[in-house]
1. Of the residues that make up the stretch 88-96, is at least one assigned by TED's automatic domain parsing to the domain that holds Phe43, among the charged types (D, E, K, R) and at negative phi?
2. What number of residues within the stretch 189-218 are hydrophobic (A, V, I, L, M, F, W, C) and part of a helix (DSSP H, G or I)?
3. Of everything in the stretch 34-50, what is under 18 Å from Gly183 (Cα atoms) and either at pLDDT below 90 or crowded, with 16+ Cβ neighbours inside 10 Å (or both)? Give them in sequence order.
4. Looking at the stretch 173-196, which of its residues are without any contact (Cβ under 8 Å) to a residue 24 or more places away in the chain and more than 17 Å from the chain's Cα centre (by Cα)?
5. Against the condition assigned by TED's automatic domain parsing to the domain that holds Leu149, of a type in the set (Val, Ile, Thr) and either buried (at least 20 other Cβ atoms within 10 Å of the Cβ) or modelled with pLDDT under 90 (or both), how does Val9 come out, does it pass?
6. Check off (1) out of contact with any His (no Cβ under 6 Å at 6 or more places or on another chain); (2) buried (at least 19 other Cβ atoms within 10 Å of the Cβ) for Gly194 and give me the number that stays unchecked.
7. Looking only at residues in the stretch 15-33 that are in a loop (DSSP other than H, G, I, E, B) and small (Gly, Ala, Ser), which one is modelled with the lowest pLDDT?
8. Would a scan of the stretch 180-187 turn up a residue that is touching a His at 6+ places or on another chain (Cβ under 9 Å) and among the hydrophobic types (A, V, I, L, M, F, W, C)?
Amino acid sequence: MLRAVVFDVEGTLLDSIEQRAFAWRDAIREFGPVVETESLTPFVAGPEREIPRRFLEPAILAEVTIERVIERYRDYWENVYGPRVEALPQGRELVEEFRRRGLHVVLATRAHDNRIGDVVERAGLTGLVDASGTPDGTEGDVLSAAQALTEASPNETLAIVHGASDAKAARALGMRLVGVLSGGGDADRLEQEGAERIFFSVAELYANIDDLAPLGLPNARQEAPASNKTYMA
């Protein structure tokens, strides 16, 4: 029986992947080649330090430093592209439904403590989250920190992700796994990494939530105590 659910916020509850790619594109362009957003999209939900290493030559990074590139990215994100991000439809309703069925809900994010309020507001979850932050880190680090906030074991925890790297990390931790495609997720790669169900979006998942019953989702009619906590890691 499932006791907890972990959301990878980027691309599942927040329509943010493309906007993050724009911010990285503009930051990288200041120091090196023009990079198409399509090339950046698969990496933007991962650790920040990996993108400059992947798209800028070592000689450039030796001169300007990774930290400077990240600083410019964050400036574009916070002042230009981040404010454009909107919540994906029915994410709040899905979180509320999981809570109603007695599951602990954890939002996995790399946001720093002073940015968590923005993430919660943009995801449409104001009033639902008791938040604490774990900035940066690898996919496994963030998902592990999220899972540790619950009272569930990994095999009692459902991870909802859009990226193959997050899917791989979730399965390595022993979590059950559902993929969504709304953040540019690749259905074939999600399936290869062990996704047991794949939905186009959280709205489709919400409309078909009882499809998760074989994974151990409590029945809506069961007398499960409602969880009054949603955490952020």
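The values are calculated or read from the model by the stated rules, or taken from the named source; none is laboratory data. Everything numeric here is computed off the predicted structure, so don't read it as measured data. Backbone-built Cβ (ideal geometry, glycine too); neighbour counts: all protein chains shown.
1. No, the stretch 88-96 contains no residue that is assigned by TED's automatic domain parsing to the domain that holds Phe43, among the charged types (D, E, K, R) and at negative phi.
2. 9
3. Once the filter is applied, which keeps residues that are under 18 Å from Gly183 (Cα atoms) and either at pLDDT below 90 or crowded, with 16+ Cβ neighbours inside 10 Å (or both), the stretch 34-50 yields Thr37, Leu40, Thr41, Pro42, Phe43, Val44, Ala45, Gly46, Pro47, Glu48.
4. Step one: of the stretch 173-196, the residues without any contact (Cβ under 8 Å) to a residue 24 or more places away in the chain are 174, 177, 179, 181, 186-188, 191, 196.
Result: Gly174, Asp188, Glu191, Glu196.
5. yes
6. (2)
7. Restricting attention to the stretch 15-33, the residues satisfying the condition of being in a loop (DSSP other than H, G, I, E, B) are 15-16, 30-33.
So of that shortlist, the ones also small (Gly, Ala, Ser) come out as 16, 32.
Numbers: Ser16: 87, Gly32: 92.
Of everything passing the filter in the stretch 15-33, Ser16 is modelled with the lowest pLDDT.
8. yes
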